[in-house]
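Below you'll find the structure, written out as structure tokens, and then a few comments.
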Amino acid sequence: MADEQQMSSSFTSMAGKAAEGDAPEIGIGMMGYAFMGKAHSNAFRTIPYMMYPPTAIPRMVGIAGRNEAAVKEAARRYGYENAYTDWRDMLENDDIQVFDNGGPNNIHAEPCIAAAQAGKHVFCEKPLGRTAEESMSMLEAVRKANVKHMVAFNYRFVPAIQQAKKIIESGKLGRIYHWRAVYLQEWGIDYQMPISWRFKKDIAGSGALGDLGAHVIDLARFLVGEPKSVMGYTQTWMKERPDGQGGMAKADVDDGFVSAMEFENGALGTIEATRFAKGRKNFNNFEINGENGSIQFNLERLNELNVFWADDQPNTTQGFHNVLVTEAHHPYWENWWPHGHTIGWEHSFIHEFDHFFSAIVNVTAVDPYGATFVDGYRNSVICDAILASASNGTRVDIKYED
């Protein structure tokens, strides 16, 4: 496989063309055509004319899925040149430089490893692997192949969260004492919903923890720092679900979890996630308390931050004030609308892929603002530790091997 120098030279012409105002094409091979397939494809179509001038132009070379009729329809709908029913065949296409894995969790590892071995840069939906061991195998593969790699923790790329990151990095918040976060959805409590892969441990790895909690864990690491230890509780309230054929099937993942954590910097944190919170649609909410103030964010109001500064009169007596993160000086807003004209959930993917393509073309680092497979692996270690704590009833120290 190409080393860093060879990879750099392979994109020299691309970077040169971009500097001349003619952005290079990057061929995309997408696996999956449902929820994430739609979100990612929308980003590819939007980047060239909104993240302007573009670093690169995504060329939608191929899309893969098991159902031939469905994947052909997805290719037609989204604008992919080729449809495949086997991702292995897609990886043989030399026009593909980036493999984008939007499939279920049980097909994250093998295709991503194969893509890296074929010299493709790899983008993978979260959680990276079903376990830390599986995630480590993926990390080792991309490192050995010396390709760019990124995990789809897209909430890092919400402008308000980027603004929170800037505030923390500036030192204005001071020492951080507390992180508390919840990610709540309601759809899992439907007793008539036929079972899907998200409720099967062998496919998903975990339930609310890997599906929702992984996002909260990533934001905790991104904004506060590395956890030192965790304690957790999990619960499965619906152990069987309709199998779609008149019978019942086993559901063996967590429906909800809560966890306490201690950070290496001395901060304390709590996180919880559930798909059993009636009335909550996509409530990803966190609060950070520091020595000089506090920051609060809610994904359902993603263009806003609530902030409190202890030395900012009259807020000392009035509490939090709301900031609309849509000014020209806020992250990413040079690409969008006049202030007050908000953007939505789907825009986080546009920012995320633009960041990844820039790292490829300009041979720059994906981290610390993008989540690499290192972040994906460490996230898996924390998820495994929460499950272990819930199982044995003890505090579990976080130990990485990367």
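What follows is calculated from the coordinates using simple rules that are stated; it is not laboratory data. Values in this document were obtained by computation on a predicted structure and should not be read as measured data. Backbone-built Cβ (ideal geometry, glycine too); neighbour counts: all protein chains shown.
Run through the stretch 175-214 and list the trypsin sites (Lys or Arg not before Pro) located in a DSSP loop whose Cβ has at most 16 other Cβ atoms within 10 Å.
Sparse-neighbourhood loop trypsin sites (Lys or Arg not before Pro): R175.
Shape verdict for the stretch 144-241, please, from the Cα gyration tensor: rounded (a/c under 1.5), prolate (a/b greater than b/c) or oblate.
Judged from the Cα gyration tensor, the stretch 144-241 comes out prolate (a/c at least 1.5, a/b above b/c).
Antiparallel versus total DSSP beta bridges in the stretch 4-155: what percent is that, nearest 5?
Of the beta bridges lying entirely in the stretch 4-155, close to 0 percent run antiparallel.
Alpha carbon centre of the stretch 72-94 versus the stretch 248-311: separation in Å?
Cα centroid to Cα centroid, the span is 37 Å.
For the chain, what relative contact order do you get, as a whole percent, if you take Cα pairs closer than 8 Å and at least 6 residues apart?
19
For the chain, just the Cα set please: Rg and Dmax, both in angstrom.
Cα-based Rg and Dmax for the chain come out at 21.3, 64 Å.
How far, in nm, would the chain grow between T85 and K166 when pulled straight, counting 0.36 nm per residue and subtracting the alpha carbon separation?
Full-extension gain reported as 24.8 nm.
Which FRET efficiency value, to the nearest 0.05, is calculated for Q117 and A70 with the Förster distance at 22 angstrom and r the Cβ-Cβ distance?
0.20
Looking at the square roots a ≥ b ≥ c of the eigenvalues of the Cα gyration tensor of the stretch 4-155, which shape do they give, rounded for a/c under 1.5, prolate if a/b is larger than b/c, or oblate?
Because a/c hits 1.5 or more and a/b fails to exceed b/c, the stretch 4-155 counts as oblate.
Can you give the local net charge around D397? Use residues other than it whose beta-carbon is closer than 15 angstrom to its beta-carbon, Lys and Arg +1, Asp and Glu -1.
Computed value for this residue: -1.
Under 20 Å from a point placed 7 Å out from the Cα of S196 along the Cα-to-Cβ direction: which residues of the stretch 50-72 have their backbone N that close?
64-72
Expected output is a single nm value to one decimal: the length gained when fully extending between R143 and W345, i.e. 0.36 nm times separation in residues minus the C-alpha distance. What is it?
69.6 nm
Quick one: what are the phi-derived ³J(HN,Hα) couplings along the stretch 320-334, Karplus 6.51/-1.76/1.60 with θ = phi - 60°, whole Hz, x for glycine and proline?
4, 10, 8, 10, 7, 8, 9, 7, 4, 8, 7, x, 6, 6, 5
Select from G102, A39, A83 the residue farthest towards the positive end of the dipole of the stretch 4-155; place +1 on Cβ of Lys and Arg, -1 on Cβ of Asp and Glu, and compute about the Cα centre.
After comparing all options, I get A39.
Using 14 Å as the cut-off for backbone N distance, which residues of the stretch 138-175 belong to the label zone defined by a point 7 Å from the Cα of N265 along Cα→Cβ?
What the label zone holds, given the 14 Å backbone N cut-off, is 164-175.
N93 to N282: FRET efficiency via 1/(1 + (r/R0)^6), r the Cβ-Cβ distance, R0 41 Å, to the nearest 0.05?
Efficiency, rounded to the nearest 0.05: 0.70.
How large is the dipole of the chain about the Cα centre if only Lys and Arg carry +1 and Asp and Glu carry -1, each at its Cβ, rounded to the nearest 20 debye?
For the chain, the charge dipole is close to 700 debye.
Report the relative contact order of the stretch 302-355, percent, no decimals, based on alpha-carbon pairs under 8 angstrom and at least 6 residues apart.
30
Taking a ≥ b ≥ c as the square roots of the Cα gyration tensor eigenvalues, with a/c under 1.5 meaning rounded and otherwise prolate when a/b beats b/c, else oblate, which class fits the stretch 246-315?
Judged from the Cα gyration tensor, the stretch 246-315 comes out oblate (a/c at least 1.5, b/c at or above a/b).
Could you give the length gained by full extension between K399 and N362, i.e. 0.36 nm per residue of separation minus their alpha carbon distance, to one decimal place?
Net length gain for the segment: 10.0 nm.
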